[in-house]
Each structure stands twice: as C-alpha cells, then as structure tokens.
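A quick write-up on the structure given underneath.
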C-alpha cells in the first residue's frame, strides 16, 4: 500500500504523518500478506530449519510490530475519539490473527520438527529458547483443542482485548472528567507555592479564574499531602478512589464494574478450556514462580514479617493526628496529610524541601552519568525524528567502544489525553539478520509536573526514583546483545523478572556518591547538602511496613481474584477479604480501587502483580553486591551488564541471577533495605 506512513521502511515511526485513517488499511494489508506467507511456509516440503522457517516468521512478526507499536503508543499519550474508534476496530483483527497463529497445527508441527532435529543442540541459546517458548505458547493458545473449543478460545481473546481497552479508556475519561475548581485563596492553605502556581496555570489553560486541581498525580498527590482543608481532601480523595465506578461524584458515568466482571469471567473460562485450575495457573506458566501456592506463601511470609511494624506505624499516626488536631477517627483522606506532618516533625524536613535540588535537566544528566560510571555507556542527545508532542526529547546510547546500542524517546510531562503513570514500551527490538542489524528503540514515558512559566521543572525525590525505574527498563531493552528479537531485551523475559533492572537502578537515587551529580540546586547548582541527605536517608523507611503491606494487599488481591475458578467471583468482596487479612489501613466503603487497577485489568500484570515484590527481592540482593564492592565498581557493573542486561529473555532469569550473584535470591537484603530487620 503506497504512501501509508504506517508501512514505511523508515527507521523511526513517521508520527507527524500518521493519521487515524491509515490504521485499518495498513493492518488489513499486512495481515493479508502475512497469512499468505504463512500458508506458503506451512506448505513447503523442505525440512524446516532456522533460516528457511523461523527467520521468515520473525520477519512477519516484525512487520506487525512496526505497524502497531507507534499506534499503541499514540493511543496512550495522545488519546482522541477518532483514534479510539480505529483502535477498537483493529484490536479484534489483531486478536484473531494472533489466535489463528497460536492454533495453527501446521506451524506447531514444524516447530516440533525443529525441536527434535539432531542439530537442535547446535543452535544458539537464543534460538533454542525461542523454539521452546514457541512450543509452550502454542499449547497455551489452545493448539490441541477441538475445532469448537478453538473457536470459543478465539472469541474469548477477541472479547478480552476489547474489554481491556474499554477499561483503560474509562479510567482515562474518569481521571480527566473531574476537577476541583477553587476560587477562594483561603482554601489553598498548606499547599506549597509551586503546587499553587501549577494549579493557577491549569486554571488559565481551562480559561477559568482561580486554581484548578486534577486527578493526575502531579496535582492529586501534593493536594492530599499538604492541603489543610480536611473537607477538600475528602472531596479530592473520593473523586480519585471512585474513578470509573458505581460510586462517587461521577457514579456510573464511566463504570468499569461490568467490564471487570466480564474480564475475570472470560479469563477463568479461557483457563478451563486448557484444563487448568484457574487463570492464575495459566499466567504462571510463563513466569519464574513454581506455583500459585508458592507465590501466596511468599506474599504471606512478607506480610507476617511486616504487619506488627505496620500496625505500630498506623497507631503512631493516629496518635499524632489526635494530639495535633484532635482527630479521633483518622480517615484515608487524612493519611498522607498527617504522614507528611509527622515526617516533618520527626526528621525536620519536607519532601518539598528537596524539589529545588532536583531540576529535571540536572537529574537527567546525573542519570546518564550513573549509567556511564556503572555500565560504561554514553547517552547523548540525537537529532530528533518525527514526534507526537513538542515536549518529547530524543537520545541515543553508545557503549564504551562507541558502538551504538539503541535510541529512546523521552516524554516526561503530564497533560490531558495522556494516560497516567509511568512506563517503558518498545518501539522496536534488536534483531540481526544476514545483512542488517536493527537497533532497539524505546518509548519512555512519565507524568511529572510541567514547568510553570519560565521556571525549571523541579522533581520530587519520588519522581527521581520513577525516572530511574523506567530507565532501568529502558536499559534492559536497549543494551541487549541478543540477536533474535523474540528473546532480545525485555522480550521473552518472565514477567516476575522483568522488574529486576528497573528496581535495581532505583538504588542509586539514595547514594551520596551519585547524588553529588544527580542533584544540583536550581539557583546555585550546589549538590544536596549532607544535612538534608541525612534527613532524607533517615526518613527513607518512614512507614515502610505500611507501604510493604499496601503492595502485598494489591498482589494478594490479584492472585486470589485469578485463582478462584468460580466465574461469579465477587471482586469487591475478594478485595475486602484480603484487606481484612493483611492490611492495617482500612479504606472507606465507597473506595473502588479495583475499578482503576489498570495493571491487572488493562495491563500485563494479571495474576502477576506479585512480580514487583519478587523483583524487589532480586534487586535488593543484586545491589548488595555493589554495596560490598563499590556502587561504581566497573567490574561489578560489567558483570550485571553481561549476565542480566545483555541476555534479555534468552536464558532462565534464575540461571542469569545466580551467575551474577553467586547464589539463589536471598530475602534478607530486602528486609534490611526496608528497615524491617
């Protein structure tokens, strides 16, 4: 199809030329050609080998990836009604194609021939892993089902893709659909000046007087943490905690209740078709964890180690609010506010005291310097290709031998029509063929508060950690030296290992040696002072046990929701039961957290949210080697590079971890880093 930018051979997507009308014609053309080519490959009489069978299939996967990756990204960062309509048409087409391929008996038989061939052992590790993964995925796609059940499996996948999109769109619409408009200055009491200035700028952009607060993180989090008005904090909290639900100020408008129920029901039916006990069992087939029982035991062990300390933390907070303001019944909308005041009392500093020391450009330069000192990489600004918004930056990364490793887009500021949160997504994977080497390209996205007027963008320390986290994912994607795209970078990495590099890189945000160049006062350039650093470090594990239980609550809820074979599972009752068992902070009855839990209903974390806690075990243990040998020890950095970052999904993550660390993962460093031992 001529002149369709989605079918361009250009290295970088032609964002400025892509229009919604291009999507369906490009997709129809690509899928049609792919099907014809697959029929030819299946009908070939040659004995299948890597060159005549797997590489052509990788070519076909690459064509779809190059088409869909920019569309998926624009859908997340520049949402529009027109694009939604086209994406809603495209998803069933992609789902049908994917299921067809996964249930293609002829393809499956050829992969079995490859796996049983005498020369299988002579293939590279990445090639062998690719073939083994393909056989596993055929079985998980229902290749062995009868014709009727294959059809049902295909229909389930199609419906799930549509429901997940609907869920995510409801969350985005609900987040954007509610604002708090303030016209009286007294109502701003307690809020830092920078937050007030940003709210004024937001109001001006909406052509309103006064100040406008939104449910986006740069506005919502500071409001809950600093606003003196308990009534307004409750109003803001209720709007956020009831997004896309049957409760709150917009009750029923973008309600995710039915999509959630249907998603869970269909996932359980899908697992049952494969004769698995639950969707959780299905999910764990591609993860490190051995069983649902092993994951639950891991989470409950962490909960038991944390609960006593968490209960004490909550009781201390209740007593503090009682003594300070006579609050007899501490509520969820009070927790962040009094936690911040208690932290200021104990440690004599506020998170806002840190902001002037973390101008965005200084933090970025510092991040790149950390990557240089630890891994020998050089990050440089590159000539920017076509982008989707003027704020987007573009960089390239080279190794110590000045060999290119990849490129990345950086989109850091919150704005309307952009999905909340932070993430890294792959634009293209590393792939080597006889005559070409395709370098990896990453999208890295955050939602920081944008600069007000001519001021520099100032980050909270939590924002700095978020940036390092996402860049850890980016390094995993870009620094790979695996030449097979299906197991290069983050591809093929089990979900409960993929968070290792991201959480690992966060550790440098707390180190004096690194903070000397990560930080720099916006006016003087001076690094974070020792006195302030000492307070920050002392406060690092403030309420750490409560935070630990919060993540365990989410993880257990996810696991139990997906390990219950009852298709009539009551989602809210499941969450309430988990909270009764492990939580010390009980939210109000109107709280509808699950209705905005995109990780498991619209992301890839279904029956896998525990991955964050498991990866914390891996990252804490991995970093403990740097603590022993020096945080900028280049030999240690090269070991992590070679054994973890460069290997992608080509080998078992447990094997790779043990190669780097010299032993199996140990939980003690995580407990020590969290102040729990």
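Quick one: which of 624, 619, 650 is surrounded by 23 or more Cβ atoms within 10 Å (Cβ to Cβ), within 20 Å of residue 375 (Cα to Cα) and assigned by TED's automatic domain parsing to the domain that holds residue 510? Of 624, 619, 650, the one residue that is surrounded by 23 or more Cβ atoms within 10 Å (Cβ to Cβ), within 20 Å of residue 375 (Cα to Cα) and assigned by TED's automatic domain parsing to the domain that holds residue 510 is 619. Scanning the stretch 383-421 for residues that are within 23 Å of residue 175 (Cβ to Cβ) and touching a residue at least 60 places away in the same chain (Cβ under 8 Å) turns up 388, 389, 411, 414, 416, 417, 418, 419, 420, 421. Scan the stretch 59-71 for residues that are crowded, with 18+ Cβ neighbours inside 10 Å and farther than 17 Å from residue 4 by Cβ and the total you get is 1.
Across the stretch 251-284, the qualifying residues are those that are touching a helix residue (DSSP H, G or I) at 6+ places or on another chain (Cβ under 6 Å) and not in a helix (DSSP H, G or I), and the one among them that is farthest from residue 597 (Cα to Cα) is 276. Can you find a residue in the stretch 273-280 that is in the same structural domain as residue 583 (by TED's automatic domain parsing), in contact (Cβ under 8 Å) with a residue 12 or more places away in the chain and closer than 21 Å to residue 190 by Cβ? Checked against the condition, which is being in the same structural domain as residue 583 (by TED's automatic domain parsing), in contact (Cβ under 8 Å) with a residue 12 or more places away in the chain and closer than 21 Å to residue 190 by Cβ, the stretch 273-280 yields no hits at all.
Selection of the stretch 12-34 for residues being touching a residue at least 60 places away in the same chain (Cβ under 8 Å) and within 16 Å of residue 59 (Cα to Cα) yields 27, 31, 34. Assess whether residue 241 counts as being more than 28 Å from residue 329 (Cα to Cα), under 25 Å from the mean Cα position of the chain (by Cα) and touching a residue at least 60 places away in the same chain (Cβ under 8 Å). Spelling it out, it is not the case that residue 241 is more than 28 Å from residue 329 (Cα to Cα), under 25 Å from the mean Cα position of the chain (by Cα) and touching a residue at least 60 places away in the same chain (Cβ under 8 Å).
Mind checking whether some residue in the stretch 203-216 is in contact with a helix residue (DSSP H, G or I) (Cβ under 8 Å, 6 or more places away or on another chain), part of a helix (DSSP H, G or I) and either at pLDDT below 95 or surrounded by 17 or more Cβ atoms within 10 Å (Cβ to Cβ) (or both)? No. For the stretch 580-607, name all the residues that are surrounded by fewer than 19 Cβ atoms within 10 Å (Cβ to Cβ) and part of a helix (DSSP H, G or I). Hits for the stretch 580-607 are 580, 581, 593, 599.
Of all residues in the stretch 365-403, those satisfying the criterion of being surrounded by fewer than 19 Cβ atoms within 10 Å (Cβ to Cβ) and within 17 Å of residue 458 (Cβ to Cβ) are 365, 391. Of the residues making up the stretch 31-47, those that are buried (at least 18 other Cβ atoms within 10 Å of the Cβ) and either touching a strand residue (DSSP E or B) at 6+ places or on another chain (Cβ under 6 Å) or farther than 16 Å from residue 99 by Cα (or both) number 1. Counting only residues that are part of a loop (DSSP other than H, G, I, E, B) and in contact (Cβ under 8 Å) with a residue 40 or more places away in the chain, the stretch 608-639 holds 5 of them.
Residue 51 - would you say it is part of a helix (DSSP H, G or I), over 18 Å from residue 411 (Cα atoms) and in contact with a strand residue (DSSP E or B) (Cβ under 9 Å, 6 or more places away or on another chain)? In short, no. You will find that of 545, 497, the residue that is surrounded by 19 or more Cβ atoms within 10 Å (Cβ to Cβ), under 30 Å from residue 268 (Cα atoms) and in contact with a helix residue (DSSP H, G or I) (Cβ under 6 Å, 6 or more places away or on another chain) is 497 and no other. Report yes if some residue within the stretch 220-232 is in contact with a strand residue (DSSP E or B) (Cβ under 6 Å, 6 or more places away or on another chain), closer than 18 Å to residue 334 by Cβ and not assigned by TED's automatic domain parsing to the domain that holds residue 74; otherwise report no. Yes, the stretch 220-232 has at least one match.
Here's the yes/no breakdown for (1) modelled with pLDDT of 95 or more; (2) assigned by TED's automatic domain parsing to the domain that holds residue 69; (3) within 29 Å of residue 630 (Cβ to Cβ); (4) under 23 Å from the mean Cα position of the chain (by Cα):
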{"position": "453", "(1), (2), (3), (4)": "no, no, no, no"}
{"position": "465", "(1), (2), (3), (4)": "yes, no, yes, yes"}
{"position": "472", "(1), (2), (3), (4)": "yes, no, yes, yes"}
{"position": "475", "(1), (2), (3), (4)": "yes, no, yes, yes"}
{"position": "479", "(1), (2), (3), (4)": "yes, no, yes, yes"}
{"position": "482", "(1), (2), (3), (4)": "yes, no, yes, yes"}
{"position": "500", "(1), (2), (3), (4)": "yes, no, yes, yes"}
{"position": "512", "(1), (2), (3), (4)": "yes, no, yes, no"}
{"position": "517", "(1), (2), (3), (4)": "yes, no, yes, no"}
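Applying the selection to the stretch 296-324, what residues are more than 20 Å from residue 676 (Cβ to Cβ), in contact with a helix residue (DSSP H, G or I) (Cβ under 9 Å, 6 or more places away or on another chain) and surrounded by fewer than 14 Cβ atoms within 10 Å (Cβ to Cβ)? The one that is more than 20 Å from residue 676 (Cβ to Cβ), in contact with a helix residue (DSSP H, G or I) (Cβ under 9 Å, 6 or more places away or on another chain) and surrounded by fewer than 14 Cβ atoms within 10 Å (Cβ to Cβ): 324. Of the helices (runs of 4 or more DSSP H) lying entirely inside the stretch 286-390, those carrying at least 3 residues that are modelled with pLDDT of 95 or more and not assigned by TED's automatic domain parsing to the domain that holds residue 666 are 292-325, 332-347. Residues that are under 17 Å from residue 76 (Cβ atoms) and touching a residue at least 40 places away in the same chain (Cβ under 8 Å) do not occur anywhere in the stretch 190-208.
The values are calculated or read from the model by the stated rules, or taken from the named source; none is laboratory data. From a predicted model like this one, the values you see are computed outputs, not experimental measurements. Please note: Cβ atoms are built from the backbone with ideal geometry, for glycine as well, and neighbour counts cover all protein chains shown.
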